[in-house]
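Participant: Here it is, the structure in full.
Each reported figure results from applying straightforward, stated rules to the coordinates on display, with no laboratory input. Since the model is a prediction, treat every value here as computed from it, not as a measurement. A quick note on method: Cβ atoms are made from the backbone with ideal geometry, for glycine too, and the neighbour counts reach across all protein chains shown.
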Amino acid sequence: MENDEDKLSAEYFCSLHSKNPETAGDEFDAKVEQIYKALKDSSVERKEDIPYKPNGELTQIDIWGPENAQKVFIMIHGGYWLFGNRKKCLAVVGVAQSLGYTVVSIGYDYANKDHPLRQTIQEAIDGVQFALDRFENAKKVVIGGHSVGAHLAFQAITRIQDPRIRQILICYDIICYLLVCYFSSSAIAGSSAILARLL
C-alpha cells in the first residue's frame, strides 16, 4: 500500500504529467538541446565557457547578449545538484532579450562525496557574484533558476547584498518542463507575456 508521502512524491514528479513518462527526461533533454543549438546558430551576441573558478570543472558562465546591458537576467540551471548544465536553461533567452535583458547562465560543479553540497552552493553564489562584477554598469538584475537552480538562486540573493538585484524568478520543474516540451506556440507566447510582466 502506498503511503501519503509516496503519493505526494508521485503527484509532483514531473514525468507524471508527460505524454510518455518513461521518456520524459529524454524528451526534455532533446528539446533544450534544440533551444541551445538554435541560439548558437542565431545572431545573438554571446560569449561561452568563461571560467569564474579556475579549479572547477563546470564553474563557468555563458553570456547571451551585450556586455554593456543595463538589465541582466542571471539564470541557474537545475539538475538535482547532480546533473544538468548551464546550456540547458536557455529557454528564457528570447523573451528576456526582447525585454532588453542580457542573460547569464551559471554553471557549478555537481555535489558528490568528494564535493559536498555546501561547496556546490558556494560555487553558485560565487558564479552570481562573478556575473554581478562583470556587469558592473547594469542597473537592474534579476536572478532566476529552475528546480535546484531556484534553490541556488535563493541562496545567492540571501547572501549577496547588491541593490541592483531587484527580483528573483524561480521555476518548479513541471512548469519548466511543460513550457519547454509541450506548449503550443500560442501557449509559449502567453507564457512569454507572463514572464514579460514579471521582468
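Participant: Rounded to the nearest Å, what's the spacing between the alpha carbon centres of the range 68-92 and the range 105-154? Just the number, please.
Facilitator: 9 Å
Participant: Semi-axes of the equivalent ellipsoid of the range 77-116: what are they in whole Å, largest first, if each equals the square root of 5 times a C-alpha gyration tensor eigenvalue?
Facilitator: Working: eigenvalues 149, 15, 6 Å².
Semi-axes from the Cα gyration tensor: 27, 9, 5 Å.
Participant: Once phi is turned into θ = phi - 60°, what whole-Hz ³J(HN,Hα) does the Karplus curve with 6.51, -1.76 and 1.60 give for every residue of the range 78-88, x standing for Gly and Pro?
Facilitator: x, x, 6, 6, 10, 7, x, 7, 5, 8, 10
Participant: On to the next question. Okay, which of the range 139-162 sit inside 20 Å, backbone N to the point 7 Å along the Cα-Cβ direction of Ala38?
Facilitator: Only 146 pass the distance filter.
Participant: Using the Karplus equation 6.51 cos²θ - 1.76 cosθ + 1.60 (θ = phi - 60°), what ³J(HN,Hα) coupling, rounded to whole Hz, does each residue of the range 63-71 give in order, writing x for Gly and Pro?
Facilitator: 3J(HN,Hα) across the range 63-71, in whole Hz: 10, 10, x, x, 7, 9, 5, 7, 10.
Participant: Once the Cβ-Cβ distance between Arg164 and Phe83 is put in as r, and R0 is 45 Å, what FRET efficiency do you end up with, to the nearest 0.05?
Facilitator: Details: r = 31 Å, r/R0 = 0.69.
Efficiency computed from Cβ-Cβ geometry: 0.90.
Participant: Rank-order 115-124, 29-38 by packing density, defined as the average count of other C-beta atoms within 10 Å over each peptide's residues, highest first.
Facilitator: On the way: 115-124: 16.8, 29-38: 14.8.
Those peptides, ordered most packed to least, come out 115-124, 29-38.
Participant: To continue, here is another question. Tell me which residues come under 5 Å, amide H to amide H, from Ile74 once H is placed; ignore anything under 5 positions away on its chain.
Facilitator: HN-HN under 5 Å from Ile74: Val104, Val142, Ile143, Gly144.
Participant: Listing Phe135, Phe83 from the residue with the fewest other Cβ atoms within 10 Å to the one with the most, what is the order? Can you show the working numbers first?
Facilitator: Details: Phe135 21, Phe83 13.
Ranked by crowding around the Cβ, least crowded first: Phe83, Phe135.
Participant: For a Förster distance of 35 Å, can you work out the FRET efficiency between the beta-carbons of Gln122 and Asn20, rounded to the nearest 0.05?
Facilitator: Numbers: r = 38 Å, r/R0 = 1.08.
Once rounded, the FRET efficiency stands at 0.40.
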